[in-house]
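Encoded as structure tokens, the structure appears first; notes follow it.
The values are calculated or read from the model by the stated rules, or taken from the named source; none is laboratory data. Remember, it's a predicted structure, so these values are computed and weren't measured experimentally. A quick note on method: Cβ atoms are made from the backbone with ideal geometry, for glycine too, and the neighbour counts reach across all protein chains shown. These accessible areas exclude ligands, DNA and RNA; they are computed on the full protein's heavy atoms, side chains included. Shrake-Rupley method; radii C 1.70, N 1.55, O 1.52, S 1.80 Å.
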Amino acid sequence: MEHLTRSTAKSYFWNQVAVVIDAATATVALFVIGRLAGTEALGAVGWMLSAAGLVAFVVGLGIKESATVLVQRSHDDPGRLRGLFRTCLLVRLAAAGAAALA
């Protein structure tokens, strides 16, 4: 159980690092867009990102948390991990498609 707890904490830490990097790059990109394209274009981009982000959030609700637990439970079974990866990828592709339609 101690190994699982340590592994969960490590996974959570790296997940949070990825979230911070994602937010930082999005912020920098918005600053660049705002400087180069102007405030009107920045408003349109902000609206599109908000709509697409909301759709992607709803479609992928809970997938990261579920994947973290499932990866740790099946770390000894490569076939199951591949299936889990495919499922997560399909959910993300569905989210991207739904966001594009929005």
Check: Roughly speaking, what is the stretch gain from residue 82 to residue 47, that is 0.36 nm per residue apart minus the C-alpha to C-alpha distance, in nm to one decimal?
Finding: 9.0 nm
Notebook entry, point to check: Hey, could you pull the Cα Rg and Dmax for the range 1-79, both in Å?
Noted result: 17.8, 54
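Take the solvent-accessible surface of the protein heavy atoms, probe 1.4 Å, and return the percent of it on the chain that carbon and sulfur atoms account for.
71
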Next item on the list: Select from 9, 47, 87 the residue farthest towards the positive end of the dipole of the chain; place +1 on Cβ of Lys and Arg, -1 on Cβ of Asp and Glu, and compute about the Cα centre.
Entry: 87
Checklist line | Accessible area expressed per residue, the chain, with surrounding protein chains retained (probe 1.4 Å, Å²) | finding: 77
Next item on the list: Please determine, in degrees from 0 to 90 and to the nearest 10, the orientation of helix 2-37 with respect to the longest principal axis defined by the Cα atoms of the chain, where the helix direction is its Cα long axis.
Entry: 10
Check: With axes computed from alpha carbons, what is the tilt in degrees of helix 78-101 against the longest principal axis of the chain, rounded to the nearest 10 within 0 to 90?
Finding: 20
Note to self: Test of understanding: what is the full-extension gain from residue 64 to residue 98, defined as 0.36 nm times their sequence separation minus their Cα-Cα distance?
What the structure shows: 10.4 nm
Margin query: Quick check: the angle from helix 63-73's long axis to the longest principal axis of the chain, C-alpha only, nearest 10 degrees?
Written below: 20
Notebook entry, point to check: How much of residue 80 can a 1.4 Å solvent probe reach, expressed as accessible area in Å² and rounded to 10?
Noted result: 130
Checklist line | the chain, helix-only ellipticity at 222 nm - DSSP H runs n ≥ 4, -39,500 (n - 2.57), divided by all residues, nearest 500 | finding: -31500 deg cm²/dmol
